[in-house]
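Chemist: One structure follows; several queries about it will come next.
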Amino acid sequence: MTLKLFLGIWLSLVIIAGISFPITENPTNWYDLPFVPGLEDKARIIFFHVPMAWVATLAFGISLIYGIKYLSKENLDYDIKSVSSAGLGLIFAILATVTGSLWAKFSWGSFWNWDPRQTSIFVLLLIYGAYFALRSAIEGDEKRATLSAVYAIIAGVTAPFFIFIMPRLVEGLHPNEAFVSQGKISMNPTMLVIFLCSLSGFTALYFWMLNTKVRLERLELKHHLKGD
Amino acid sequence: MTLHLIARPLTIYFGKLLFNLILLGALNIFTVILYLLFVTGFTVGNYLIFSVTILLGTLGLASASTIIAAIIAKANTKGTLYPVLSFPILLPLLLTVINATKLSVEGAVFGDAVGEFQVLISYLVVITAISYLLFESIWKE
């Protein structure tokens, strides 16, 4: 309970700071955010868009790990963890797409223009859409768990091709250079603190949601087994 | 059901893979002949790139669709599921093959297409290896 409250206050502070701190050309006060060339006020999206994308990656990774664990141990509890994490990952991936395309509207002029990043997240959404379509088409808990774990692994090993193929085919416009140059993060301290607080806050939110979802699914499984 | 008793899972897998390979290979060769004969203005600039692309594309397509078809064979509603499941898996393969074919039609030198072939070969190896590892758990269900 206290943890939940703390998380709520933490994220509220992050959101307030991210939206309301002024962006100035020469930061003098501790709360001033710097002026990023080419991004200006739109730079604020980094506090929300990047954590969403990171949490989605984390959630899909955890889902994959529990999928592999299920295949080797055949314990339905791993499948519950895997599917709960995949569901949360899908939610966060949709949020990353929405925040990203809102930003694209004001920066590139249209919500969607098939930038390599947009194409790859589109395929990611397709993969997990297919994953849930497959799950709904199979009856029997063990069978569903095995087949969806196999599909998630196959999709997981082909996904890296997008990271390497897409940039080869089309030049991207995704602004990584604004904050990451030569493999180092170059960010104003105030911005970095808010960014890291946001990242850790949303990661904690994910783990809390995962825990709740896993408990719910366990109860449903128990109920389902008793009903048969 | 009797197949479960008399054959090892990997034998079944490679049998299915071989069947799909022969079927897809025959279909692809047939389509290419038709294209060369009847589509006006379609000329291949570099036949080496073109034939290597067809060979690697057929191998990749056959191995990816074999394992996805194996998953779907165990599902309850089979009809609409195949395109939904296979599209995201096949997309990297299709994009690379399209790019390589474009290069061959434009008459590029072999060196230009080496990157595409590397992607195709690694895709083929990854998909076949992962199918080899996972087929047994699908078959047991």
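Chemist: Could you give the distance between the Cα centres of the range B:108-141 and the range B:61-75, to the whole Å?
Modeler: Each part reduced to its Cα centre gives a spacing of 14 Å.
Chemist: Would you mind classifying chain B by shape? Square roots of the alpha carbon gyration tensor eigenvalues, ordered a ≥ b ≥ c; an a/c under 1.5 is rounded, otherwise it is prolate if a/b is larger than b/c and oblate if not. Walk me through the numbers on the way to the answer.
Modeler: Details: a/c = 2.35, a/b = 2.04, b/c = 1.15.
Note, shape of chain B comes out prolate.
Chemist: To the nearest 20 Debye, how big is the dipole of the range B:2-140 about its Cα centre, given +1 on the beta carbon of each Lys and Arg and -1 on that of each Asp and Glu?
Modeler: Numbers: 6 positive and 4 negative charges, 116 e Å.
The dipole magnitude comes to about 560 debye.
Chemist: Restricting to Cα pairs below 8 Å that are 6+ residues apart, what does the relative contact order work out to for the range A:1-138? Please round to a whole percent. The partial results should precede the final answer.
Modeler: Values: 102 pairs, mean separation 24.1, N = 138.
Value for the range A:1-138: 17 percent.
Chemist: While we're on this one: Rounded to the nearest 0.05, what FRET efficiency do B:Ile98 and A:Ile68 give with R0 = 22 Å and r taken as the Cβ-Cβ distance? Could you check?
Modeler: On the way: r = 32 Å, r/R0 = 1.47.
It comes out at approximately 0.10.
Chemist: Using 0.36 nm per residue of separation minus the Cα-Cα distance, give me the extension gain between A:Val214 and A:Lys143 in nm, one decimal.
Modeler: On the way: separation 71, 0.36 × 71 = 25.56 nm, distance 1.95 nm.
Gain on stretching A:Val214 to A:Lys143: 23.6 nm.
Chemist: Whole-Hz Karplus ³J(HN,Hα) for the range B:124-141, in order, using 6.51 cos²θ - 1.76 cosθ + 1.60 and θ = phi - 60°, x for Gly and Pro?
Modeler: Per residue, the Karplus-derived 3J(HN,Hα) values read 4, 5, 4, 5, 5, 5, 6, 5, 4, 6, 9, 4, 4, 6, 5, 5, 5, 5 Hz.
Chemist: Step through the table entries A:Lys69/B:Lys140; A:Lys81/B:Lys16; A:Lys105/B:Lys102; A:Lys143/A:Lys213; A:Lys73/A:Lys222; B:Lys16/B:Lys78, compare each Cα-Cα distance with 25 Å, and write down the pairs that go over it. Please list the in-between numbers first.
Modeler: Details: A:Lys69/B:Lys140 17 Å; A:Lys81/B:Lys16 33 Å; A:Lys105/B:Lys102 32 Å; A:Lys143/A:Lys213 21 Å; A:Lys73/A:Lys222 19 Å; B:Lys16/B:Lys78 18 Å.
From A:Lys69/B:Lys140; A:Lys81/B:Lys16; A:Lys105/B:Lys102; A:Lys143/A:Lys213; A:Lys73/A:Lys222; B:Lys16/B:Lys78, over 25 Å: A:Lys81/B:Lys16; A:Lys105/B:Lys102.
Chemist: Another question, then. Using Cα pairs under 8 angstrom and six or more residues apart, how large is the relative contact order of the range B:2-140, in percent? Don't jump to the answer; show the numbers that get you there.
Modeler: On the way: 113 pairs, mean separation 50.5, N = 139.
RCO, the range B:2-140: 36 percent.
Chemist: Per residue, how large is the accessible surface of the range B:2-140? Use a 1.4 angstrom probe and give square angstrom. Don't skip to the end; give the middle numbers.
Modeler: Working: 7390 Å² over 139 residues.
On a per-residue basis, the range B:2-140 sits at 53 Å².
Chemist: Next up: Could you pull out the chymotrypsin sites (Phe, Trp or Tyr not before Pro) across the range A:70-130 that fall in loop regions by DSSP (anything but H, G, I, E, B) with no more than 11 other Cβ atoms inside 10 Å?
Modeler: Sites meeting the loop and neighbour criteria: A:Trp114.
Chemist: How big is the B-A contact in terms of buried accessible area, both chains counted, 1.4 Å probe, rounded to the nearest 100 Å²? Show your work: numbers first, answer last.
Modeler: On the way: alone 8930 and 13540 Å², together 19870 Å².
Buried area between the two chains comes out at roughly 2600 Å².
Chemist: Quick one: net charge of B:Ser104's neighbours, Cβ under 13 Å, K/R +1, D/E -1? Numbers along the way, then the final one.
Modeler: Details: positive: B:Lys102; negative: B:Glu106, B:Asp112, B:Glu116.
My count for the surroundings of B:Ser104 gives -2.
Chemist: For the protein assembly as shown, what does the alpha-carbon gyration tensor say about shape, rounded, prolate or oblate, given a ≥ b ≥ c as the root eigenvalues, a/c under 1.5 as rounded, and a/b over b/c as prolate? All intermediate terms of the calculation are to be shown ahead of the outcome.
Modeler: Working: a/c = 2.90, a/b = 1.27, b/c = 2.28.
It comes out oblate by the Cα gyration axes.
Chemist: Still on this structure: What shape does the range A:1-122 take by its C-alpha gyration tensor, where a ≥ b ≥ c are the square roots of the eigenvalues and a/c under 1.5 counts as rounded, a/b above b/c as prolate, and the rest as oblate? Each step should come with its number before you reach the end.
Modeler: Values: a/c = 3.37, a/b = 1.61, b/c = 2.09.
Oblate is the answer for the range A:1-122, as a/c is 1.5 or above yet b/c matches or exceeds a/b.
Chemist: Where in the range A:117-132 does accessible area fall by at least 10 Å² between the isolated chain and the complete protein assembly, at a 1.4 Å probe radius?
Modeler: A:Val123, A:Leu126, A:Ile127, A:Ala130
Chemist: Can you give me the distance in nm between label points at B:Val84 and A:Leu3, each placed 7 Å from the Cα along the Cα-to-Cβ direction?
Modeler: Simple spin-label model gives 3.6 nm for this pair.
The values are calculated or read from the model by the stated rules, or taken from the named source; none is laboratory data. Computed from a predicted structure; not experimentally measured. Positions of Cβ are backbone-derived with ideal geometry, glycine not excepted, and every protein chain shown enters the neighbour counts. All accessible areas refer to the heavy atoms of the entire protein, side chains included, with ligands and DNA or RNA removed. Shrake-Rupley method; radii C 1.70, N 1.55, O 1.52, S 1.80 Å.
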